[in-house]
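So the structure is just underneath, and the comments pick up after that.
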Number of protein chains: 2
Amino acid sequence: MNIQEDAADGVSLASTSHTSDSPSVRSARAARGPSIGDVARAAGVSAQTVSRVSNGLTNVEEKTKQRVLDAMKQLGYRPNRAARALKSGQFKSIGVIMFNLSTYGNRRTLDAIATAASQAGYSVNLIPLHDPTTGTVTGAYNRLKEQDVDGVVIIFEAHLFDRADITLPEDLPAVVIDSSPGYGYPMVDTDQAEGARFATEHLLDLGHQQVWHIGGPVSSFSARHREESWRRTLDEAGIEAPTVLHGDWSTESGYQVGMELGRDREVTAIFAANDQMALGAMRALHELGRLIPDDVSVVGFDDLEESTSFWPPLTTIRQDFLAVGRLSIEKLLQQIAGNTPASVVTTVPTRLMVRKSTAAPAG
Amino acid sequence: MNIQEDAADGVSLASTSHTSDSPSVRSARAARGPSIGDVARAAGVSAQTVSRVSNGLTNVEEKTKQRVLDAMKQLGYRPNRAARALKSGQFKSIGVIMFNLSTYGNRRTLDAIATAASQAGYSVNLIPLHDPTTGTVTGAYNRLKEQDVDGVVIIFEAHLFDRADITLPEDLPAVVIDSSPGYGYPMVDTDQAEGARFATEHLLDLGHQQVWHIGGPVSSFSARHREESWRRTLDEAGIEAPTVLHGDWSTESGYQVGMELGRDREVTAIFAANDQMALGAMRALHELGRLIPDDVSVVGFDDLEESTSFWPPLTTIRQDFLAVGRLSIEKLLQQIAGNTPASVVTTVPTRLMVRKSTAAPAG
DNA sequence: TTCAAGAATGTTTGCGTAAACATAGCGAGA
DNA sequence: TCTCGCTATGTTTACGCAAACATTCTTGAA
């Protein structure tokens, strides 16, 4: 046995104080890059001057500035975020609490949020929640507070719990992505009403006398908005809206409702509150032997990437999730900067994507 | 006008130095909670003792510990992460670099990663990349280094660039989620070979004489693994593998290849390298009037949530993305703890999900 | 020529924490 | 009884940075 092996064995056998000290200290030292002081020494200036250069302040002579920049580059200096945060109280980090990463819209939104935040020099601290009760929301919020995030974006799935239960951050800038008003925070959301109107009008324009609706869960604000708008659009056309059957956003629930609607020969036009339920409904129609779009037209909501390849390709409402994410960061950064935390709802327009699942009624 | 209004007006009109100072300082002060010193004073002990309690060290008398804990609770004390990080050099934060948030597998994996990391007391710092060139990878890595993350999980989409181009972190623990060996980092991945074998064997077991394959992009290691395993399985059954047509994972590309394969009456069994291409291929088969599974059987890979509702419901290979995410965090934390950075590949088993898109051949 | 005003730069200090070191107190064995 | 050695606790210090304040130098007007 050589010395190295002895030492290695010692790690597991001998005093723990030695074993825990040695590697951690070593790795910590190794990880630490050059400090502001090292740069100062290399450039022959004071640490404060380096700090000034590092923060882009103006009152530094060009020549000095260059010397400092050179030293920085040569040493590979990177400002230490922990120290900066400790000093300034700002972490340049924003937290994202979201309830459902597996939703198409949410993941697109998250992507946009992360991109926008990065561009603004902020890091994104993600906390996905699975069990959306008050406890977990509060817990997530506390975790983020410990992490010293500068602000929070919360992507709600309002239908999963009672709004009154939600305890939102009090002293932390926040933006909520949701359709329900009244959190007292700036909100960003797709223009649900517009989208639902587009969908309904499209079917009416094709000549359908009636448009059936597969609603989302009743406790979802966005689902409610879509339903209300669909009803209003029919109203305006002098049509009395039929009974709404509700799913839970899943393809399976769409299938259930689709079976029910499909059996009714009266039904020639269906507007589903999301693409997945539309997909399920189409499957039901296939099984019932009803042709799409010849016998029944179907419109969805979301515009999943896959929707172009459904059978038939689905006519749907495209949501601009990218804009939703980008806007929410924009508003959050405004708040962090201390500007008016305008408690308003910002709305993002939608677009009708006409594909193969809709046509004029057969009769 | 009262004094308050004067002051408020001053913010927008008077010297900028004043306006920028005042709110930021105020908010910073307001945000700072009680410090370890405040707790110490309240409990009548030294700051160090509070620190010991806070870190769960043992050499504190039970009575003292209780007094400190009470004081903490009463003051609502939360350790300051910045200070802790500055002192210890550890941020309790792991970075995630991923190339494609909009992939089903990736988002599931991310979810698992975030959950596992949270449970271990680590925060997740997400950096999604859109343009996966060496530059952006390096940039993302540098950003994470600035953020002082303790480790990095990189979710590669190997097919998007040349592996040799990738500059991986040198002094930062890392785990790679990918199918290509040789990064010199621990890797975690689905057992691609097993899955492809399951799919191919399933079709052969049903009585098909030949199995056609829609491959993923040639530069993707996971695609390559699936293809190789498919070929080997046919080999072992004494069947010479037909020419492979490659898609790019998208439904659209699956549709293209599906049209080509579907026109060949010989083709009775198709194994697509992912569910989306399988979906595209099924659309092509529908358009060509070929019945699924009566005329042609189709198997996918991934098991998207929607796959149960495709028409017909898709037989596919389920990947356990949750396990992939969980294992990658496990390995990363081991490395961070200083344990052997075992540069091994960990493989996660798959499962065949038989649904309605496969059946015995008609003949 | 003198000095005030301002620009460039340096020095001191403290953010909150925890390691390192110091001290006090107490029990066991010589 | 007197150490020795342990445990519980306190004190000092440094992590890296940037505000606050201090100093030096430059410039131009009186």
Legend entry - Neighbours by Cβ (under 8 Å, 6+ apart or cross-chain): first from the stretch A:308-322, without any contact (Cβ under 8 Å) to a residue 24 or more places away in the chain; second among the polar types (S, T, N, Q) and in a helix (DSSP H, G or I): A:SER309/B:THR251; A:SER309/B:GLN276
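Tell me, yes or no, whether the stretch B:60-78 has at least one residue that is more than 30 Å from A:LEU304 (Cβ to Cβ), acidic (Asp, Glu), within 12 Å of DNA strand C (Cβ to nearest atom) and at pLDDT 90 or above. Break it down into steps so the answer makes sense when it comes.
Initial filter on the stretch B:60-78 (more than 30 Å from A:LEU304 (Cβ to Cβ)): B:60-78.
Narrowing the set further to residues that are acidic (Asp, Glu) leaves B:61-62, B:70.
Within this subset, residues satisfying the condition of being within 12 Å of DNA strand C (Cβ to nearest atom) are B:61.
Going one step further and asking which of them are at pLDDT 90 or above, we end up with none.
There is no residue in the stretch B:60-78 that is more than 30 Å from A:LEU304 (Cβ to Cβ), acidic (Asp, Glu), within 12 Å of DNA strand C (Cβ to nearest atom) and at pLDDT 90 or above.
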Inset, instruction - Of the conditions (1) more than 28 Å from B:MET259 (Cα to Cα); (2) away from every other protein chain (no Cβ under 14 Å); (3) of a type in the set (Ser, Thr, Tyr), A:SER297 clears all except one; give me its number. - result: (1)
Inset, instruction - Test B:ASN59 against the criterion of being within 13 Å of DNA strand D (Cβ to nearest atom), facing chain A (nearest Cβ under 8 Å) and not hydroxyl-bearing (Ser, Thr, Tyr), and give yes or no. - result: no
Inset, instruction - Could you tell me which of the residues B:ALA241, B:ALA223, B:ALA272 is under 34 Å from the mean Cα position of the chain (by Cα) and within 14 Å of another protein chain (Cβ to nearest Cβ)? - result: B:ALA272
Legend entry - Count - residues of the stretch B:88-97 that are facing chain A (nearest Cβ under 8 Å) and open to solvent by 10 Å² or more (accessible area, probe 1.4 Å): 3
Legend entry - Qualifying positions in the stretch A:98-117 - more than 9 Å from chain B (Cβ to nearest Cβ), open to solvent by 20 Å² or more (accessible area, probe 1.4 Å) and among the hydroxyl-bearing types (Ser, Thr, Tyr): A:THR103
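For the stretch A:281-307, name all the residues that are under 20 Å from B:THR308 (Cβ atoms) and within 25 Å of the chain's Cα centre (by Cα).
In the first step, residues of the stretch A:281-307 are kept if they are under 20 Å from B:THR308 (Cβ atoms); the result is A:281-288, A:292, A:298, A:300, A:302, A:304-307.
Listed by number, the residues that qualify are A:GLY300, A:ASP302, A:LEU304, A:GLU305, A:GLU306, A:SER307.
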Inset, instruction - Please give the number of the condition B:THR133 fails out of (1) open to solvent by less than 10 Å² (accessible area, probe 1.4 Å); (2) at pLDDT below 70; (3) of a type in the set (S, T, N, Q). - result: (1)
Legend entry - Given (1) crowded, with 22+ Cβ neighbours inside 10 Å; (2) more than 20 Å from A:LEU261 (Cα to Cα), index of the condition A:GLU227 fails: (2)
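Would you mind stating whether B:ARG351 is within 14 Å of chain A (Cβ to nearest Cβ), under 30 Å from B:LEU234 (Cβ atoms), open to solvent by 10 Å² or more (accessible area, probe 1.4 Å) and modelled with pLDDT of 90 or more? Give the derivation first.
Values: within 14 Å of chain A (Cβ to nearest Cβ): no; under 30 Å from B:LEU234 (Cβ atoms): yes; open to solvent by 10 Å² or more (accessible area, probe 1.4 Å): yes; modelled with pLDDT of 90 or more: yes.
No; evaluated as a whole, the condition is false for this residue.
Applying the selection to the stretch B:254-269, what residues are within 13 Å of chain A (Cβ to nearest Cβ) and within 14 Å of B:SER357 (Cβ to Cβ)? Break it down into steps so the answer makes sense when it comes.
Within the stretch B:254-269, the subset within 13 Å of chain A (Cβ to nearest Cβ) is B:254-259.
Within the stretch B:254-269, B:GLY254, B:GLY258 qualify.
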Inset, instruction - Can you tell me which residue within the stretch B:196-221, out of those that are under 16 Å from B:GLY300 (Cβ atoms) and of a type in the set (D, E, K, R), is least open to solvent (accessible area, probe 1.4 Å)? - result: B:GLU201
Inset, instruction - Would you check which residues across the stretch B:118-129 are surrounded by fewer than 23 Cβ atoms within 10 Å (Cβ to Cβ) and without any contact (Cβ under 8 Å) to a residue 40 or more places away in the chain and list them? - result: B:SER118, B:GLN119, B:GLY121, B:LEU129
Inset, instruction - Could you please let me know if A:ALA85 is modelled with pLDDT of 85 or more, within 8 Å of another protein chain (Cβ to nearest Cβ) and either within 16 Å of DNA strand D (Cβ to nearest atom) or crowded, with 20+ Cβ neighbours inside 10 Å (or both)? - result: yes
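Considering the stretch B:230-245 alone, what residues qualify as being outside any loop (DSSP other than H, G, I, E, B) and either open to solvent by 60 Å² or more (accessible area, probe 1.4 Å) or of a type in the set (Asp, Glu) (or both)?
Initial filter on the stretch B:230-245 (outside any loop (DSSP other than H, G, I, E, B)): B:230-236, B:245.
Once the filter is applied, which keeps residues that are outside any loop (DSSP other than H, G, I, E, B) and either open to solvent by 60 Å² or more (accessible area, probe 1.4 Å) or of a type in the set (Asp, Glu) (or both), the stretch B:230-245 yields B:ARG231, B:ARG232, B:ASP235, B:GLU236.
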Inset, instruction - Go through the stretch B:295-361 and tell me which strands (runs of 3 or more DSSP E), entirely inside it, have 1 or more residues that are over 28 Å from A:PRO128 (Cα atoms). - result: B:297-299, B:351-353
Legend entry - Failed item, numbered, when A:GLU146 is tested on (1) more than 10 Å from every other protein chain (Cβ to nearest Cβ); (2) in contact with a helix residue (DSSP H, G or I) (Cβ under 7 Å, 6 or more places away or on another chain): (1)
Inset, instruction - State which residue is farthest from the other protein chains (Cβ to nearest Cβ) when the search covers only the stretch B:62-74 and only residues that are buried (at least 16 other Cβ atoms within 10 Å of the Cβ) and more than 8 Å from DNA strand D (Cβ to nearest atom). - result: B:ARG67
Inset, instruction - Please verify whether the stretch A:114-126 includes one or more residues that are in the same structural domain as A:LEU144 (by TED's automatic domain parsing) and over 12 Å from A:ILE329 (Cα atoms). - result: yes
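Of everything in the stretch B:39-50, what is open to solvent by 30 Å² or more (accessible area, probe 1.4 Å) and either within 41 Å of the chain's Cα centre (by Cα) or outside the structural domain of B:ARG81 (by TED's automatic domain parsing) (or both)? Give them in sequence order. Give the steps one after another, and end with the answer.
Our first condition is that a residue be open to solvent by 30 Å² or more (accessible area, probe 1.4 Å); within the stretch B:39-50, this holds for B:41-42, B:44-48.
Selection gives B:ALA47, B:GLN48.
The values are calculated or read from the model by the stated rules, or taken from the named source; none is laboratory data. Please read all numbers here as calculations on a predicted model, not as lab measurements. Because the Cβ atoms are built from the backbone with ideal geometry, glycine has one as well, and the counts that use them run over all protein chains shown. Quick note on the areas: whole protein, heavy atoms, side chains included, nothing else; ligands and nucleic acids left out. Shrake-Rupley method; radii C 1.70, N 1.55, O 1.52, S 1.80 Å.
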